[in-house]
Every structure is written in C-alpha cells, then in structure tokens.
Amino acid sequence: MKILVCYKYVPEESEIKINADQSLDLSGAQWTISQYDNNAIEAAMKLADDGSSVEVLTVGGEALDNSKMRKSVLSRGPSKMYGVRCERCGDLYATAVLLKQAIERIGGCDLVIFGEGSGDMYSQILGNMTGALMGLPTLNGVCEIRNTGDGLIAKRRVGHRLETLQLATPAVISVTSDICRARIPSMKEILGAGKKPVEIWNDSEFAQADGRSEELSLLAPPKAKRLSICYKDSDEGLESFVQALRKHL
Amino acid sequence: MYNKVLVFANEASAAAELMSCARGIASETVLITCGEELYGAGSVYRYSREETLAAVAAKLAGLTAALKPDAVLCEAGVNGKLFAGFAAAALHTSPLCDISEASFLPEYVVAKRMVYGGTAIKTEKSGLPAVIVASPGIFELAAPPEEKGAAAEISVEGSGPVRLLETSEDAAAGTVNLSSAKCIVGVGRGLSSPDNVPKAEALAGLIGAEIGCTRPVAEEEHWFTKDRYIGVSGCMLKPNVYLALGISGQVQHMVGINQAGTIFAVDRNEHAPIFEQADYCLHGDINTVLPKLIQLLK
C-alpha cells in the first residue's frame with residue numbers, strides 16, 4: 001500500500017510574541033511540525049506493512065528549505081518528502097487545490113492521511129476538502145485504522161458514537177491525535193533522515209485557485225482587568241480565599 | 001436578505017440555533033439533517049441515523065451545489081466539519097471554521113475565530129457562497145413559525161465505497177458541556193500527580209463545578225477526556241466562576257476563559273502569569289492546599 005501523509009510546518013506557539021498594538025510578532029518563533037501531524041505520520045508507519053511505502057507532502061514557505069525541518073519529518077520514518085513551495089500560501093480552498101494536483105503529480109496513492117487539524121489554525125477541514133475535490137471516499141475523526149488486505153477498516157468518532165466503517169481505497173482520512181503516540185526519533189533516525197530524498201516544486205508549476213477568503217486582521221484579544229488579590233497558604237489566607245469563592249458562587 | 005441559506009445540523013440544539021439564524025437572514029431555508037424536526041425549514045434533505053455521513057456526504061454536497069445557496073451553516077463537530085469540507089469543495093469556496101461571531105453582509109460574510117491555540121483572534125471575510133462552521137451558542141434562538149408540514153422532504157441514501165458496519169457508544173468520549181457550565185474548575189499540569197485528580201473532582205463537586213483542563217493534561221497526561229480541554233477550537237467559556245488549579249496561565253489557555261465572571265487561581269509559583277490575570281490567588285503547593293480547601297468547603 002502506498003501511503004502519503006500531508007503535514008504542515010507551523011510557528012512554535014509558545015514563541016509567538018504580542019506587539020503593543022496587539023498584532024502578532026512571529027519573527028522569533030521557530031518552525032515546527034504541527035504536533036497533530038506527528039500522530040498522523042506515526043499512524044501511517046504503524047499501518048504500513050512490508051510491501052508498503054510511506055511518504056510525506058507539505059505546502060508551505062521558507063520552512064520547506066530548512067534542513068532541520070526536512071530531517072525532523074523524515075526522521076519519523078517516511079522514505080521521501082515532497083513539498084510545494086509558495087511565497088504567500090493561500091486559503092483552505094487554494095491549498096486543497098494545490099494538494100490535489102501535487103498528489104496527482106506524485107502518481108497518486110492508496111491512502112492519504114491528514115492529522116486532526118493544524119496547530120496554528122486548527123480548521124480540521126483541509127483533509128475533507130482535499131478528499132472531496134479528488135472525488136475519493138473521505139473520513140475524518142478516525143481514531144483507529146487497519147488494513148484487512150482487501151480494504152481498510154476504520155473507527156470514526158462522532159461525539160459519543162463510534163462508527164466502524166469499511167473503506168475502499170484509494171481514500172483520504174483525517175486521524176485524531178489519540179490514534180497513537182508520536183515517536184521521538186533516535187539520533188540514528190535523525191542522521192539517516194539527511195540521506196532521504198526530497199522533491200520540492202513551486203506553486204507556480206500548478207494551476208492555482210484564486211483566494212476565496214481574505215484575512216482582515218489577526219490580533220491578540222484584549223486582556224480583562226482583574227483584581228489580582230493574593231493570599232498565602234496559611235489558615236487566614238485559606239479562609240479569606242474560600243470566603244471570596246463562596247461569595248461568588 | 002439572502003435568497004437561500006442551507007443548514008447542516010444533526011444535534012437538536014445546533015439545528016434550532018442555526019435554523020434561527022438562517023430564517024433571520026434568508027427568504028428560503030433548507031435543512032440537511034438526520035433529525036426529525038423541521039425548525040421552520042422550507043425544505044429538508046434527510047439521511048438515516050442508521051447511516052454514516054461519510055457515505056452520503058458527496059451526494060449531499062452535489063445537491064447543495066445544485067441549490068446555489070448564498071451561505072451554508074454547519075454545526076460544529078466531526079460531522080459538521082466533514083460536510084463543510086464537501087460543501088466548500090463543491091461550491092469552490094474556502095470555509096470559515098469554528099467562528100464565534102459573524103456578520104452577514106450583502107456581498108460577503110465577515111467572521112471571527114480563535115487561532116494559534118487562542119493566542120489571537122482572526123477576522124476574515126468570505127465572498128458568497130460562504131460555508132461556515134459555527135461554534136455553539138453564537139446565534140440568538142428564535143421560535144420557528146407556526147405553520148408546519150409544508151416542507152418538501154427528500155431522503156438521501158448512501159452508496160459506494162464507504163460502508164457502515166456497526167455503531168457503538170464511545171466509552172472514551174466524555175459527556176461534559178463546558179460552554180453551558182456556570183462554574184468551572186480548570187486543572188493544569190501543576191496538579192502534579194494523577195493522585196490529585198479525585199481531589200480536584202471532589203472540590204468541583206463541593207462547589208457545583210464542571211472540570212475543565214489544559215491541553216497537556218488531556219492529550220499527554222490523559223488525566224481527563226478531551227472534551228474537557230479548554231483553549232482550542234474556538235471554545236470561549238463564560239462561567240460565573242473559574243477556579244484554576246495548577247495552571248500557569250499561558251495565553252493560549254487564558255483566552256478560552258478570560259470572559260469568566262471571577263477568576264480564582266491556586267499555584268505554587270507566585271510569579272505564574274495566571275496570578276496577574278486572576279481576581280483571587282492562592283499561593284501554595286497543590287498537594288497541601290487542595291485537601292485544606294476541600295475541608296473548608298465541606
């Protein structure tokens with residue numbers, strides 16, 4: 001089975017600074033693989049049997065050319081990285097249109113796996129759109145997947161209902177973050193990752209969709225003013241804290 | 001006023017809310033659901049509860065595109081996101097996801113949502129047709145019109161490469177609805193040990209609170225189910241009282257709760273950012289403070 005995992009490089013959330021005008025300063029934030037995509041990659045590695053291949057595909061900017069970022073994804077097991085470089089990456093629709101074409105250029109695959117949602121925008125919808133555009137059976141919320149030889153059996157979590165589904169391939173699935181634990185690559189895996197092949201295209205090589213949505217602003221929310229009354233762990237402090245709590249219940 | 005708005009919703013509360021919005025902004029409404037009620041919809045496309053949305057999504061999206069709606073409103077959650085993805089692909093548009101606010105203007109829709117794990121609010125606009133996934137509780141409820149039964153009903157059956165083998169109750173899923181809780185106890189990694197989980201639960205029980213938690217506590221420590229996790233997916237909580245136990249107060253978490261009426265915080269680090277963002281703070285070790293608090297509240 002040929003498996004392709006789509007993933008995203010996102011800025012490290014804890015390194016995002018907030019400017020005085022409430023806008024975001026991303027300049028000091030390092031790139032990282034969106035954490036839910038690490039679970040998707042590991043799910044692919046676990047699903048792959050002897051005759052299978054696992055490769056990865058991303059759409060993004062400068063992070064694609066960062067050798068540490070390339071090693072970071074390839075050290076998790078995939079045998080090859082594909083990337084579509086875009087200077088100004090588009091909205092969800094534009095990205096889904098690019099991914100569809102990139103998957104076709106790769107030569108298609110039996111299963112495309114997406115993570116639960118990206119760590120930055122967390123729209124949880126790109127996999128669904130890509131699958132729909134490709135006209136393939138598409139599932140989200142997949143918390144278990146296995147290969148029966150003549151198809152896939154997936155468990156899909158919808159609220160409190162757990163669906164067990166049979167799925168013909170090729171197919172597109174988005175897996176939940178608890179499908180499996182992501183691996184921590186060993187030093188050997190990191191060193192080996194540097195030797196794995198990488199193929200990068202520019203978005204100008206593909207037909208591009210016009211943006212259908214436009215960002216008007218991206219601002220940190222205003223902080224509410226709070227009292228900040230502090231008590232110590234003493235009989236008196238605890239009593240006052242509990243009194244205040246009781247008063248507000 | 002829009003000509004036509006479609007609503008996709010299976011949950012009764014979401015269907016009532018999204019249909020209220022749709023009736024207010026459009027002259028014609030269509031409901032896609034596996035539920036029974038109409039909520040005043042002009043027509044209904046229904047699929048069976050015994051079916052999975054994954055088997056009918058492509059067909060429903062085709063019908064959606066043929067109706068040429070100005071907007072499609074989808075409930076939050078796994079099915080809402082699956083339908084929104086198919087509808088957006090069929091309508092060649094980019095969906096607005098997990099929005100917490102929306103303005104429906106003649107040429108476009110402007111919506112707000114939380115991004116970067118709560119660090120920022122993104123305001124974006126989408127031309128028409130717009131596909132929207134709405135967080136629960138953002139539209140006013142309105143009573144549906146009296147006349148009933150005029151709705152045209154079309155049933156949609158699944159076929160093709162996705163087959164539902166069985167359904168069961170998911171033991172791993174929780175049942176909590178934090179967005180309606182009046183009082184919430186938030187648990188962070190500073191709770192320090194899973195042994196303190198029953199104590200946090202006891203404390204919550206004493207003050208009639210629901211338990212919420214931070215991302216690491218749900219996803220890495222697995223102390224609580226994921227539905228209790230605060231600070232992502234556009235979930236802005238507005239309890240009267242929020243009591244944080246062992247939460248340092250990273251901005252990603254605080255955004256989810258900064259609309260709480262009064263914030264209480266217990267933490268061992270007196271320089272924890274949460275102390276600047278809380279009303280009443282208690283500086284102490286959770287292991288010793290928690291039993292004392294329980295004793296005092298009994």
ask   = Which residue fluctuates the most in chain A, going by a Gaussian network model with Cα springs under 10 Å, if the choices are A:157, A:212, A:146?
value = A:212
Summed side-chain charge close to residue A:207 - residues other than residue A:207 whose Cβ falls under 12 Å, Lys, Arg +1, Asp, Glu -1 = -2
key: Computed P(r) (all Cα pairs; the range A:2-219; 10 Å bins; percent)   = 8, 34, 37, 18, 3, 0
query = In degrees from 0 to 90, rounded to the nearest 10, what is the angle of the helix B:286-297 Cα long axis to the longest principal axis of chain B?
reply = 80 degrees
remark   = The base-10 log of I(q)/I(0) that the Debye equation returns for the range A:106-157 at q = 0.13, 0.15, 0.32 Å⁻¹, one scatterer per C-alpha, is -0.35, -0.47, -1.31
task = Neighbouring Cβ atoms within 10 Å as the yardstick, rank B:28, A:205 fewest first.
result = A:205, B:28
message = Can you give the local net charge around residue B:237? Use residues other than it whose beta-carbon is closer than 15 angstrom to its beta-carbon, Lys and Arg +1, Asp and Glu -1.
response = +1
key: Peptide-level mean, for A:113-124, of C-beta atoms on other protein chains within 10 Å   = 5
inquiry  = Counting only Cα atoms, I'd like the Rg/Rh figure for chain B, Kirkwood definition for Rh.
reply    = 1.04
request  = Pull up the DSSP beta bridges for the protein assembly as shown and report the antiparallel fraction as a percent, rounded to 5.
outcome  = 35 percent
Cβ-based net charge around residue A:147, under 10 Å, with every Lys or Arg adding one and every Asp or Glu removing one = -2
ask   = What percent antiparallel are the DSSP beta bridges of chain B, to the nearest 5?
value = 20 percent
key: Peptide ranges B:177-183, A:191-197, A:122-128, B:38-44 listed from the most packed, as the mean C-beta count within 10 angstrom indicates   = A:122-128, B:38-44, B:177-183, A:191-197
remark   = XL table B:59/B:81; A:2/A:80; A:100/B:59; Cα-Cα > 18 Å flagged, in table order, is A:100/B:59
task = With all distinct Cα pairs included, what does the Kirkwood hydrodynamic radius of the range B:2-155 come out to in Å, to one decimal, could you say?
result = 15.3 Å
query = Given H placed 1.01 Å from N in the peptide plane, which residues other than close sequence neighbours of residue B:212 have an amide H under 5 Å from its amide H?
reply = B:185, B:186, B:187
task = Please report B:167, A:138 as a ranked list, fewest other C-beta atoms within 10 angstrom at the top and most at the bottom.
result = B:167, A:138
request  = Sort B:6, B:165, A:136 so that the residue with the fewest other Cβ atoms within 10 Å of its own Cβ comes first and the one with the most comes last.
outcome  = B:165, A:136, B:6
inquiry  = Rounded to the nearest 20 debye, what is the charge dipole size of the range A:2-219 about its Cα centre when +1 sits on each Lys and Arg Cβ and -1 on each Asp and Glu Cβ?
reply    = 780 debye
query = Quick one: putting +1 on the C-beta of Lys and Arg, -1 on the C-beta of Asp and Glu, what dipole do you get for the protein assembly as shown around its Cα centre, in Debye to the nearest 20?
reply = 580 debye
request  = Could you please tell me the mean projected area of the C-alpha convex hull for the protein assembly as shown, averaged over all directions and given in square nanometres to one decimal?
outcome  = 25.8 nm²
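Bear in mind that the values in this text are calculations on the coordinates, not laboratory data. Because the structure is predicted, anything quoted here is derived from the model rather than measured. Cβ: placed from backbone, ideal geometry, glycine included. Neighbour counts: every protein chain shown.
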